[in-house]
1. Apply the Karplus curve 6.51 cos²θ - 1.76 cosθ + 1.60, θ = phi - 60°, to the phi angles in the range 66-76 and return the couplings in whole Hz, x for Gly and Pro.
2. What relative contact order, as a whole-number percentage, does the chain give when Cα pairs under 8 Å and 6 or more residues apart are counted?
3. Label the range 80-154 by shape, choosing from rounded, prolate and oblate, from the square roots a ≥ b ≥ c of the eigenvalues of the Cα gyration tensor; if a/c is under 1.5 it is rounded, and otherwise prolate applies when a/b is larger than b/c, oblate when it is not.
4. Dipole size in debye (nearest 20) for the chain around its Cα centre, Lys and Arg Cβ +1, Asp and Glu Cβ -1?
5. Just subtract the alpha-carbon distance of R132 and A209 from 0.36 nm times their residue separation and send over the number in nm, one decimal.
6. Could you go through the range 238-244 in sequence order and give the Karplus-derived ³J(HN,Hα) for each residue, using 6.51 cos²θ - 1.76 cosθ + 1.60 with θ = phi - 60°, rounded to whole Hz, and x for Gly and Pro?
7. What is the extension gain from I116 to E81, computed as 0.36 nm multiplied by their sequence separation minus the C-alpha to C-alpha distance, in nm to one decimal?
8. Taking Rh as the Kirkwood radius computed over C-alpha pairs, what is the Stokes-Einstein D of the chain at 20 °C in a medium of viscosity 1.002 mPa s, expressed in µm² per second?
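No value in this document is a laboratory result; all are computed from the given coordinates. No experiment lies behind these values; they were computed from the predicted model shown. Positions of Cβ are generated from backbone atoms using ideal geometry, with glycine treated the same way; all protein chains shown enter the neighbour counts.
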Amino acid sequence: MRIVRFWEMAGKGGDTWLSARWGMFVDSLIYPLAQAPYLDVLDSGAYAPTVIGAPIPASTVKLLAPAVPSKILCVGRNYAEHAAELGNEVPTEPMIFYKPPSSVIGPDQAVVYPAISERVDHEGELAVMIGRRCRNVREEDAASVIFGYTIANDVTARDLQKKDGQWARAKGFDTFCPIGPWVDTSYDPADRRLRCLVNGDVRQDSTTALMVYSIARIIAHVSRFATLDPGDLILTGTPSGIGPVLPGDIMAVEIDGLGAIHNPVIREGS
Ligand code: MG
């Protein structure tokens with residue numbers, strides 16, 4: 001099941017966008033849903049999103065980030081070659097930081113290059129969406145709390161990351177968390193090719209098989225200190241090949257079987 005959020009154009013040729021809705025993407029149609037799909041859970045534990053109304057041609061809607069998280073947990077240095085390229089060791093347990101929900105944007109929305117940074121990097125990543133409220137999840141139970149998978153770009157102001165020591169600002173600018181184009185609820189994330197391209201040039205080309213800490217281990221680790229809520233996101237770290245982007249560039253993150261998300265970079269104030 002591919003889950004999207006979207007805006008629909010009202011009226012014929014009108015310029016009014018109706019409010020954002022969740023939907024189920026099947027072939028070239030979007031079936032509108034009554035609410036966030038992870039809220040429709042059967043007694044069996046299966047998700048059964050409630051379709052309301054007629055399907056809408058996907059070509060007539062604008063896709064938004066398929067995520068309204070209460071929090072976004074991220075893993076730093078979860079690929080050995082990426083840790084090494086920035087002169088860092090692989091941490092002895094998962095290293096966690098947050099991005100704020102205000103940093104989320106969707107497909108084709110612009111990443112704003114802050115005037116107070118001189119180095120902004122792309123970081124293509126696999127993202128996990130949580131489906132159930134949970135705490136202290138055991139590794140062997142982690143699969144039961146996952147709703148699905150999507151693509152993320154952990155955009156980073158690298159100079160401010162070094163300057164601040166703490167990463168809240170460097171990772172947390174508005175627009176620094178492109179998510180999408182959809183959440184796939186039946187996806188198998190094992191050994192998937194992950195690429196990041198800038199203006200069509202391949203910058204990162206790796207596989208999720210090279211993660212140091214598994215998704216199950218990460219969920220166990222973060223749920224030891226934070227209650228995870230339905231819709232929360234976990235970004236699982238970026239492989240090697242990170243590098244700078246400039247205003248005017250177009251970033252693409254592709255993960256085999258999950259599609260791709262494209263985002264242009266624009267200068268702040270433009
Ligand atoms: Mg990252």
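1. Listing the rounded values in order: x, 7, 10, x, 7, 7, 10, 9, 10, 9, x Hz.
2. 24
3. oblate
4. 540
5. On the way: separation 77, 0.36 × 77 = 27.72 nm, distance 2.55 nm.
Taking R132 through A209 to full extension adds about 25.2 nm, to one decimal.
6. Running phi through 6.51 cos²θ - 1.76 cosθ + 1.60 with θ = phi - 60° gives 10, x, 5, x, 4, x, x Hz.
7. 9.7 nm
8. 114
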